Each structure stands twice: as structure tokens, then as C-alpha cells.
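Visitor: Have a look at this one.
The values are calculated or read from the model by the stated rules, or taken from the named source; none is laboratory data. None of these values were measured; they are calculated from a predicted model. Glycine gets a Cβ as well: all are built from the backbone with ideal geometry, and neighbour counts include every protein chain shown. Heavy atoms of the whole protein, side chains included, go into the accessibility calculation; ligands, DNA and RNA do not. Shrake-Rupley method; radii C 1.70, N 1.55, O 1.52, S 1.80 Å.
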Amino acid sequence: MNTWFQKQNDYIKDKITNNINKVRTHNQFIMGPEVKELEEKLADYVGSKYAVGCASGTDALLLSLMAYDVKPGDFIFTTSFSFIATSEVISLLGAIPIFVDINPNTYNIDYKKLRQTIEKYVNNHVKPKGIIAVDMFGLPAHYDVINAIAKKYDMFVIEDAAQSFGATYNNKKAGNLADIGCTSFFPSKPLSCFGDGGMCFTNSQVIYEKLCSLRVHGKGVDKYDNIRVGINSRLDTIQAAVLLAKFDVFEEELKKRKDIAIYYNDQLSELRDITKPFLFHGYDSSWAIYSLLAKDKNQRDKIQVYFKKRGIELPIYYPKPLHKQKVYKDLGCYNMIDLEWSERASERIFSLPIHPYMTDGDMKKMTDYLILSTYV
Ligand SMILES: *Cc1c(COP(=O)(O)O)cnc(C)c1O
């Protein structure tokens, strides 16, 4: 079990207990007052007009596509290097994910390749419908360009901010960088609850109202008046109560994550073989994940073994790019384009633990081990 959850729990025990106890007194388990309070607080934090809580980050993406009436056969452009949820929701609606390669410096969708790919479809008289960009590891994608491309071709943009809640891009917060921003409160994400949860952010009243309807069975005036096909995807009141407690210390936790990332980069600066995450002007990552590139798969395997012998698992996000997943084996005809960097990254990438409750000793151990592991 991940011990930092316990440390966080202990740190804000009273806040969490008080908030949960409040739910136990009003007993409004579905859409209770904490849900509204959290939506208002988080909308205010990211700077969006509206927020809609839902049952998971995956559902936030699904609801967003449904809000744009994505239909079977629609083409949605997205990155080939992400968690399956990003493309799964496209496929679930019968739409077709068109995978675009990443920029190896950011692990985010390569906007030049995105434009080229979209143009290829447009030139073949295919109307592209939308884009899902992902803020990988917490670093926002390049939305100035992505939004401009989308505008030119009359497409929508969804920001998969599951990892980037708290990040900034040109002084704007992640979650508020596209038409809809989707985040996740899954336990390993920067702001997390005691289970599954998610949220959509938008500045459009029309989209907001649609999302509110979609998450409650396509309701009209109430849930016994049904005006469209929706789903059941609400954020539990009890999870909202937990999130409100955790949000009080979120800024503090975010700062600690950033400090660790900077410490790691400094300590590892002389490791020439290993590619460290870049720090870009105008961007602030939420540092959900701190990923590095080994020089090749062999070196990565050695590093993993070295840490494992010392009781530390180094996770790999992601060992297989989306277009290589078995579930997409029949998509070949749509994905003949070059996805070189997604493939290369998946063979070499690994990450060091990063969480706000690490001690200086924990941090030093990680960099010491990593340096030593590259010399054995
Ligand atoms: C975690 C994650 C999701 C899905 O969130 P859930 O809350 O687990 O459904 C989607 N996209 C990315 C990039 C993620 O990391």
C-alpha cells in the first residue's frame, strides 16, 4: 500500500473527519451541498465559469464528448501516448481515435504533427470533429496552438487534465485551457479523493447545462423527465467532502511536488545518459509524475532491477503506446502515420516516486540510487 496516503491522512485527519461527519448529519449522499461547494471552489481555482462533478476522470472525458454530440464515425484526434481512458471514451461512442505522435521533450501531442494530420483528413474531404489533448505527467499541452488549429477547422478541444490539476500555462490554470477541461480525483492524482471521482470545467453555459443533464440520465427538468441519452455519473457527496478537506492543503502539496522535481533535476544534472524533464518558461507542471528517459530499454531494465532489489518499484507510464494496444489492432488503416516518439518513449521511460510527504532523506535516496544504478 502507498504509505504517503496514510501520511496525508494523518496530516489532515481532523478536517477529513469533520467533513465526513457533516455528511453523516445531513445524509444527502447524492448531490449533497458539498458537491456544489466543491464545484464552486474548484471552478474559482481554475478560473472557469462552471464545474460539473462526476464519477471519474474517464466519465468526465466521456460526458464531454457526449456534450459535443460525438457520434459513430466521427474523427477525434488525440495523443498516442497516454492512459487508455483518453482514447477509450472515443471508441466507446463509436467514434474513431486518430493517434498523433508526441513531442519527445514534453510527452504531449506534437502540434505540428497534429496540424499535418488534421490537414490530411480535411484534404480528403473528411470533417474532423474534435481534439483531446493530454497534459502528460502534469505538464499542460501547447493550447495556444492547439486551440488555434481547432478554431480553423471548427473543431472542439477537450483538455485531459487528469494529471495536471494545479498546473499553469501562460498564467492560466490547467482545466481551463480548452473548451472543456476534465480532471480526475483518483487516489494517485495530485488532488484526490478516497476512491473514484472526476470533474469537468467549462466557460460555456450551453455545455455546462448539457453536462449537468448528461450526468443524471439525460434529465430535463428532473430525472423523471429525460430529454437525451445520458448516464449515471455523479460525484459522491462523501468524496466531495474529502476533497474539500484535501483542497485546503493542496497549494502546499503542489509546492512540495515542485520542490522535489527541481531537487531531482539538480541532483541528476550530471547524469548525461538520462533525460530529465524539461522546465519550460510559461509552464508550471503539477508534477503528478516525474518521468525520465533511460538511454535504452536495457539501461531502464537495469535501473528498475537495482531499485527493486532495494525494495522500490519504479513505475512505467506507459509501457505501450495506445496505437499498439490489442484493443486497437484493427485501427491500422487509420493509423499508418509516424508515431515514432510514442514508441521510443514507451521503451525507455520510467519514473521516480514524487509525493508531497517525502522527506529530504527519501529524496536523496532516490537520486543516490539512480546515480549508482547507472554505474553498475
Ligand atoms: C487517470 C487518468 C484518466 C482517468 O481518470 P480516472 O479517474 O481513473 O477515470 C484519464 N486520463 C489520464 C491522462 C489519466 O492519467
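Visitor: Considering only residues of the stretch 115-135 that are β-branched (Val, Ile, Thr), crowded, with 16+ Cβ neighbours inside 10 Å and more than 16 Å from the ligand (Cβ to nearest atom), which is farthest from residue 76 (Cα to Cα)?
Guide: Among residues in the stretch 115-135 that are β-branched (Val, Ile, Thr), crowded, with 16+ Cβ neighbours inside 10 Å and more than 16 Å from the ligand (Cβ to nearest atom), the one farthest from residue 76 (Cα to Cα) is 117.
Visitor: Can you tell me which residue within the stretch 353-376, out of those that are modelled with pLDDT of 95 or more and assigned to a loop (DSSP other than H, G, I, E, B), is farthest from the chain's Cα centre (by Cα)?
Guide: 359
Visitor: With respect to residue 139, determine if the residue is within 16 Å of the ligand (Cβ to nearest atom) and under 21 Å from residue 78 (Cβ atoms). Walk me through how you get there before you give the answer.
Guide: Values: within 16 Å of the ligand (Cβ to nearest atom): yes; under 21 Å from residue 78 (Cβ atoms): yes.
So residue 139 fits the description; yes.
Visitor: Another question, then. Suppose the filter is under 30 Å from residue 172 (Cα atoms), among the aliphatic types (A, V, I, L, M) and under 20 Å from the mean Cα position of the chain (by Cα); does residue 279 pass it?
Guide: yes
Visitor: Please go through the stretch 145-171 and give me each residue that is part of a strand (DSSP E or B) and within 29 Å of residue 12 (Cβ to Cβ), ordered by number.
Guide: If the condition is that a residue be part of a strand (DSSP E or B) and within 29 Å of residue 12 (Cβ to Cβ), then 159, 160, 168, 169 are the ones that fit.
Visitor: Shifting gears a bit: For the stretch 82-105, name all the residues that are outside any helix (DSSP H, G or I), open to solvent by less than 30 Å² (accessible area, probe 1.4 Å) and more than 10 Å from the ligand (Cβ to nearest atom). Walk me through how you get there before you give the answer.
Guide: Just the residues of the stretch 82-105 that are outside any helix (DSSP H, G or I), to begin with: 82-84, 93-105.
Then keep just the ones that are open to solvent by less than 30 Å² (accessible area, probe 1.4 Å); that gives 82, 95-102.
Across the stretch 82-105, the qualifying residues are 95, 96, 97, 98, 99, 100, 101, 102.
Visitor: I've got another one for you. Which ones in the stretch 172-195 are assigned to a loop (DSSP other than H, G, I, E, B) and in contact with a Gly (Cβ under 8 Å, 6 or more places away or on another chain)?
Guide: Those that are assigned to a loop (DSSP other than H, G, I, E, B) and in contact with a Gly (Cβ under 8 Å, 6 or more places away or on another chain): 174, 175, 176, 185, 186, 187, 189, 190, 191.
Visitor: Do the conditions hold for residue 3, that is, is it more than 19 Å from the chain's Cα centre (by Cα), more than 27 Å from residue 135 (Cα to Cα), open to solvent by 50 Å² or more (accessible area, probe 1.4 Å) and away from the ligand (no atom under 16 Å from the Cβ)?
Guide: It is false that residue 3 is more than 19 Å from the chain's Cα centre (by Cα), more than 27 Å from residue 135 (Cα to Cα), open to solvent by 50 Å² or more (accessible area, probe 1.4 Å) and away from the ligand (no atom under 16 Å from the Cβ).
Visitor: Determine the pairs where a residue that is over 15 Å from residue 195 (Cα atoms), located within the stretch 236-255, has a partner that is crowded, with 24+ Cβ neighbours inside 10 Å with Cβ atoms under 7 Å apart, the partner being 6 or more residues away or on another chain.
Guide: 250/166; 254/166; 254/190; 254/286
Visitor: I need every pair where a residue in the stretch 356-371 that is under 14 Å from residue 307 (Cα atoms) has its Cβ under 9 Å from the Cβ of a residue that is polar (S, T, N, Q), sequence separation at least 6 or different chains.
Guide: 363/267; 364/267; 366/267; 367/267; 368/267; 370/267; 371/267
Visitor: Assuming residue 112 fulfils every condition listed in (1) closer than 26 Å to residue 276 by Cα; (2) open to solvent by 10 Å² or more (accessible area, probe 1.4 Å); (3) in contact (Cβ under 8 Å) with a residue 60 or more places away in the chain; (4) not hydrophobic (A, V, I, L, M, F, W, C) apart from one, which condition is it?
Guide: (3)
Visitor: Then there's this: Do the conditions hold for residue 272, that is, is it part of a loop (DSSP other than H, G, I, E, B) and over 30 Å from residue 293 (Cα atoms)? Walk me through it before giving the result.
Guide: Working: part of a loop (DSSP other than H, G, I, E, B): yes; over 30 Å from residue 293 (Cα atoms): no.
Judged against the criteria, residue 272 is not a match.
Visitor: Which residues, taken from the stretch 46-86, are small (Gly, Ala, Ser) and over 27 Å from residue 170 (Cβ atoms)?
Guide: 55, 56, 73
Visitor: Of all residues in the stretch 183-197, which are within 10 Å of the ligand (Cβ to nearest atom), under 13 Å from residue 138 (Cα atoms) and not β-branched (Val, Ile, Thr)?
Guide: 184, 188, 189, listed by residue number.
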